[in-house]
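Chemist: Before anything else, here's the structure in question.
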Amino acid sequence: MKYQTCAVLICIIWDFVHLNIYQFHNFVTVFTRSMASKTQVGFVGLGNMGNPMAKNLLKHGYPVIATDVFPESCKEVQELGAQVIVDNPAEVAEKADRIITMLPSSPNVIDVYTGPNGILKKVKKGSLLIDSSTIDPSVSKEMAAAAEKLGAVFMDAPVSGGVGAASSGKLTFMVGGAEEEFTAAKELLSCMGANVVYCGQVGTGQAAKICNNMLLAIGMIGTSETMNLGIRLGLDPKLLAKILNMSSGRCWSSDTYNPVPGVMEGVPSGNNYQGGFGTQLMAKDLGLAQNTATNTRTPAPLGSLAHQIYRMMCARGYANKDFSSVFQFLREEEGQ
């Protein structure tokens, strides 16, 4: 009986010690992950969108290692506490194993990842590479394949929301890539966005983005035409916008980003169409939509017409103005 009692006590003591070792191990694991989550993040491309995105990472406590083709673009994030400013993407990859890129076009992405000073020249095995540029889905797939050969993971995560949402940390990210890597990507993207949506394998994030932007362009042209017609008919533009926004014609271009100067504050139309999302970039995105529509034999007549209008605007001096300047373009066209 005495031996049985001793055995029971030994078992109880062992279970207590084992349980506390297990709990301690869990504590150390969670603590380690928490510490690791705040390790440096690389950021390539500090333009109108990339700059506020990098700032939001800094606000959330992430040390940022940044670079941009224009060194002056790095000054602001450096003043806010960016850990290191380096000369090229390869140097970013040397110092960080989580990198976000925000670039204007497919050729820029190809160069930043695979060029002579590209990320993949120095990338570490196990690195997570997140591209938030809007590019051809086929290029995203090419970059993912090239990264995989070097033991790294590439995900496409283009954004919607514009400069305002980038500044306030309320972007929407459309993510394509290996589903098991989505949680790690979401940890970073949630610092810069209010919505982080998994779309599927690599390239599906880009597919969602170009579909969204095709609709956005069509909607902005429609809103601009409608507002212009109403003004020509003698309606006050603020009154017309109010009516549209309580009626079935309501859309993002009418209630959040109205293209008519003086109707809304805090939008590019109130600032001579400066800032925001450039006409040239919209034309580029519509070109991507048209290429994919052609490749998939998908009829997109309004998307095609929108593409032609924005290309025409670029030729008429609107390339660097916000895409809502299509209202101004239409006003000028009516006088010719």
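The values are calculated or read from the model by the stated rules, or taken from the named source; none is laboratory data. These numbers were taken from a predicted model, which means no experiment stands behind them. Cβ atoms come from the backbone with ideal geometry, glycine included; neighbour counts cover every protein chain shown. The protein model used for the area step is the full one, side chains on, heavy atoms only, and it has no ligands, DNA or RNA in it. Shrake-Rupley method; radii C 1.70, N 1.55, O 1.52, S 1.80 Å.
Chemist: State all residues of region 257-283 that are open to solvent by 20 Å² or more (accessible area, probe 1.4 Å) and either of a type in the set (A, V, I, L, M) or in a helix (DSSP H, G or I) (or both); if no residue qualifies, say none.
Modeler: Passing the criteria: V263, M264, G270, N271, Q280, L281.
Chemist: Related question: Do any residues in region 139-159 that are under 18 Å from K209 (Cα atoms) have Cβ atoms under 7 Å from those of residues that are surrounded by fewer than 19 Cβ atoms within 10 Å (Cβ to Cβ), where the two are at least six apart or on different chains, and which pairs are they?
Modeler: V139/I110; M155/E181; V159/T172
Chemist: Residues that are over 26 Å from G287 (Cβ atoms) and at pLDDT 95 or above: which helices (runs of 4 or more DSSP H) entirely in region 88-202 hold 3 or more of them?
Modeler: Qualifying helices (runs of 4 or more DSSP H): 89-95, 182-189.
Chemist: Cβ-Cβ below 6 Å, separation at least six or inter-chain, first residue in region 284-312 and of a type in the set (K, R), second buried (at least 22 other Cβ atoms within 10 Å of the Cβ): which pairs?
Modeler: R311/A283
Chemist: If you don't mind, another one. Which residues, counting only those in region 76-99, are open to solvent by 40 Å² or more (accessible area, probe 1.4 Å) and among the polar types (S, T, N, Q)?
Modeler: Within region 76-99, Q78, Q83 qualify.
Chemist: Let me ask another. Looking at G219, G234, G230, which one is closer than 21 Å to G276 by Cβ, in the same structural domain as S253 (by TED's automatic domain parsing) and either not hydroxyl-bearing (S, T, Y) or not in a helix (DSSP H, G or I) (or both)?
Modeler: G219
Chemist: Hey, another quick one. Check off (1) small (G, A, S); (2) open to solvent by 30 Å² or more (accessible area, probe 1.4 Å); (3) out of contact with any helix residue (DSSP H, G or I) (no Cβ under 9 Å at 6 or more places or on another chain) for A144 and give me the number that stays unchecked.
Modeler: Answer for A144: the failing condition is (2).
Chemist: Condition (residue is at pLDDT 95 or above and touching a Leu at 6+ places or on another chain (Cβ under 9 Å)) applied to region 261-270: is it met by at least one residue?
Modeler: Taking every residue of region 261-270 in turn, at least one turns out to be at pLDDT 95 or above and touching a Leu at 6+ places or on another chain (Cβ under 9 Å).
Chemist: Kindly provide the set of residues from region 314-327 that are surrounded by fewer than 24 Cβ atoms within 10 Å (Cβ to Cβ), touching a Ser or Thr at 6+ places or on another chain (Cβ under 7 Å) and aliphatic (A, V, I, L, M), ordered by number.
Modeler: A319
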